[in-house]
Amino acid sequence: MSSFDDDLSQRLEAIRAQNLYRELRRVDSAQGRVIKIHGDSFLNFSSNDYLGLANDPRLKEAAVEAIATFGVGSGASRLICGSLAPHHECEEALATWKGTEAALVFSTGYATAVGTISALLEKDDIIILDKLVHASIVDAARLSGAKLRIFAHNDLNDLEKILRWAVEGKNTIVNRRVLIVTESVFSMDGDFAPLAELVELKDRFGAWLMVDEAHATGLYGPKRSGLAEEKNVRGRIEVQMGTLGKALGSSGGYICGSRKLIDFLINKARSFIFSTAPNPAAAAAASAAIRLVNSPAGTEKCHHLFERISQLNSVLKTQRSELPQAIIPVIVGDETTAVNAAARLREKNIFVPAIRFPTVARGEARLRITLTAAHTQEDVATLCDALREFQLNDPTP
Ligand SMILES: *Cc1c(COP(=O)(O)O)cnc(C)c1O
């Protein structure tokens, strides 16, 4: 045992030495504009609960009702006897909302990415990722065994070069699959992928496109189903992914696409097959969230969020994107400086997380501010005052 302990001690020490050590903070309240940590209340600018639905009474009621009827546990994987009515209802709601033939729900977004990509690709295939995609997609690409290529963030020229390499010349193996994966809204930078141009490009080269809408679902497009809807390219994206745990306030992940894609994943996605079905309450809450987002109340929440975003932008002079950005990074650079800045904000009872390597690149540590529909005008004003005081008023996209 002592060599095991020694090894762990050394490795933990190495993490601390780089100021990359992380620890859990126990939160003693529900998600919301204010959270309670160690008895203190903090204005919360750190959650992905963009529409303030995680503690919404309508979602909670749907979850409680599902528990009353279906219990707390699903009992088995979906393919054994755990495929409960709330899962099917949630999938039908997702497919209708997204305008696809079918949908499939996974326990988490992480499991969605890993299961889907590793099912779709094999060793001789090629996967091309935007440099800033989420860790779940990077892990999925590695697990698939496909040849991995990275293009510079949102750089269509770089992507085109890689596509040319992938489909031309010596690399051409018959029927080699080429899959491009990107996010529609990037999780740590909040910026947008050029979806219309990406669709043009992948079509030109006969590649497939998978778009992770984790941070866009619920916010963009006439029905708020995501950036693909906003850009009118939903029908041209082979694989639409998203999560149920961000703007939809519940938990889980999903794939929307053709009936064939979903049938294939049910048969081949190992994180779907070999895992207990999501709890019915989560699926029912997600369905309630989709109903809410599609109602006038949902539209109002979204407008409220967008107002808070423009308030922050006008104070910080950061209006740089075509659409409202709920994720506003304040790039600090140095890991220690970022951690210290977050600590100073906490002294003012404002909770903004310092994001460091490996979540972002080394030397690109940042404060990641997220706004939600739950925030009031005064909340955002308080944040702006604090940021001004710390001279952290130059957020970079
Ligand atoms: C959060 C996130 C995931 C993972 O989803 P979980 O449901 O939290 O596991 C995947 N992709 C992106 C871009 C995310 O931000």
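The values are calculated or read from the model by the stated rules, or taken from the named source; none is laboratory data. As the structure is a computational prediction, the values presented were derived from the model and not from experiment. We place every Cβ from the backbone using ideal geometry, glycine too, and count neighbours over all the protein chains shown. Surface areas here come from the heavy atoms of the whole protein model, side chains and all, with no ligands, DNA or RNA. Shrake-Rupley method; radii C 1.70, N 1.55, O 1.52, S 1.80 Å.
Just in region 263-316: which chymotrypsin sites (Phe, Trp or Tyr not before Pro) are loop by DSSP and have at most 14 other Cβ atoms within 10 Å?
On the way: sites: Phe264, Phe272, Phe274, Phe306; in loops: Phe274.
Those that pass, being in a loop and sparsely packed, are Phe274.
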Original post:
At a probe size of 1.4 Å, how large is the accessible area of Ile162, to the nearest 10 Å²?
Top reply: 20 Å²
**OP:** Give me the aspartates and glutamates in straight-line cross-link reach of Lys131: C-alpha distance below 19 Å, same-chain residues under 8 apart excluded.
**Re:** Asp139, Asp155, Asp158, Glu160, Glu183, Asp189, Asp191, Glu197, Asp212, Glu213, Glu364
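Using only helices, what value at 222 nm comes out for the chain when you add -39,500 (n - 2.57) per DSSP H run of length 4 or more and divide by the total residues, to the nearest 500 deg cm²/dmol?
On the way: 14 runs with 168 residues, N = 397.
That calculation yields -13000 deg cm²/dmol at 222 nm.
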Subject >> For Ala102, distant residues with modelled amide H under 5 Å away >> reply: Gly257, Arg259
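About the Cα centre of region 138-290, what is the dipole size in debye to 20, counting +1 per Lys and Arg Cβ and -1 per Asp and Glu Cβ, all else neutral?
Numbers: 20 positive and 17 negative charges, 134 e Å.
The dipole magnitude comes to about 640 debye.
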Original post:
From the cross-link list Lys223/Lys301; Lys147/Lys260; Lys246/Lys268; Lys147/Lys231; Lys202/Lys268, which pairs have alpha carbons spaced over 23 Å apart?
Top reply: Lys147/Lys260; Lys246/Lys268; Lys147/Lys231; Lys202/Lys268
**OP:** Pop out the ³J(HN,Hα) list for region 287-301 in order, Karplus 6.51 cos²θ - 1.76 cosθ + 1.60 with θ = phi - 60°, rounded to Hz; leave Gly and Pro as x.
**Re:** 4, 5, 5, 5, 4, 5, 4, 7, 9, x, 4, x, 4, 5, 4
Subject >> Farthest positive-ward along region 159-317 dipole, Cα basis, beta-carbon charges - from Ala285, Asn313, Pro296 >> reply: Ala285
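Assuming R0 = 45 Å, can you tell me the calculated FRET efficiency for the pair Leu12 and Thr276, based on Cβ-Cβ distance, to the nearest 0.05?
Given R0 = 45 Å and the Cβ-Cβ separation, E is 0.90.
Over region 1-114, what relative contact order in percent results from Cα pairs under 8 Å that are six or more residues apart?
On the way: 65 pairs, mean separation 11.0, N = 114.
Dividing the mean separation by the residue count of region 1-114 yields 10 percent.
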Original post:
For Ser29, which sequence-distant residues (separation of 5 or more, or a different chain) have an amide H within less than 5 Å of its own amide H, given hydrogens modelled in the peptide plane?
Top reply: Lys36
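Compute, for region 6-84, the length of the dipole vector about the Cα centre, with Cβ point charges of +1 (Lys, Arg) and -1 (Asp, Glu) only. Units Debye, rounded to 20.
Details: 10 positive and 10 negative charges, 27 e Å.
Using Cβ point charges on Lys, Arg, Asp and Glu, region 6-84 gives about 140 debye.
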Original post:
Got a sec? Charge dipole of the chain, +1 on Cβ for Lys and Arg, -1 for Asp and Glu; which of Ile369, Val34, Thr382 is way out at the positive end?
Top reply: Ile369
Subject >> Surface share of carbon and sulfur [accessible, 1.4 angstrom probe, percent] for region 163-246 >> reply: 47 percent
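First check a/c for the chain, with a ≥ b ≥ c the square roots of the eigenvalues of its C-alpha gyration tensor; if it is under 1.5, answer rounded, and if not, answer prolate when a/b is larger than b/c or oblate otherwise.
Since a/c stays below 1.5, the shape of the chain is classed as rounded.
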Original post:
Taking the alpha-carbon centroid of each part, what is the distance from region 119-197 to region 1-74 in angstrom?
Top reply: 31 Å
**OP:** Would you please give the FRET efficiency between His38 and Lys260, computed as 1/(1 + (r/R0)^6) with r the Cβ-Cβ distance and R0 = 56 Å, to the nearest 0.05?
**Re:** 0.65
Subject >> Residues of type lysines that Lys348 reaches as a straight line, Cα spacing below 20 Å, ignoring anything fewer than 8 places off in the same chain >> reply: Lys36
Original post:
Looking at Leu345, Gly206, Ser74, which one has the Cα that reaches farthest to the positive end of the dipole of the chain (charges on Cβ: Lys, Arg +1; Asp, Glu -1)?
Top reply: Gly206
Subject >> Pairwise FRET efficiency - Cys384 versus Phe357, Cβ, R0 = 25 Å, nearest 0.05 >> reply: 0.35
Original post:
Can you give the relative contact order of region 188-279 as a percent, counting alpha carbon pairs under 8 Å and 6+ residues apart?
Top reply: 20 percent
Original post:
With contacts defined as alpha carbon pairs under 8 Å and 6 or more residues apart, what's the relative contact order of the chain in percent?
Top reply: 22 percent
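Magnitude of the Cβ-charge dipole of the chain, K/R +1 and D/E -1, about the Cα centre, nearest 20 debye? Don't skip to the end; give the middle numbers.
On the way: 46 positive and 48 negative charges, 90 e Å.
Approximately 440 debye in magnitude.
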**OP:** Can you send over the solvent-accessible area of Glu65, 1.4 Å probe, protein chains only, in Å² to the nearest 10?
**Re:** 120 Å²
Subject >> Per-residue HN-Hα couplings for region 105-119 [Karplus 6.51, -1.76, 1.60; θ = phi - 60°; Hz; x = Gly/Pro] >> reply: 9, 10, 5, 9, x, 4, 5, 5, 5, 5, x, 6, 5, 6, 7
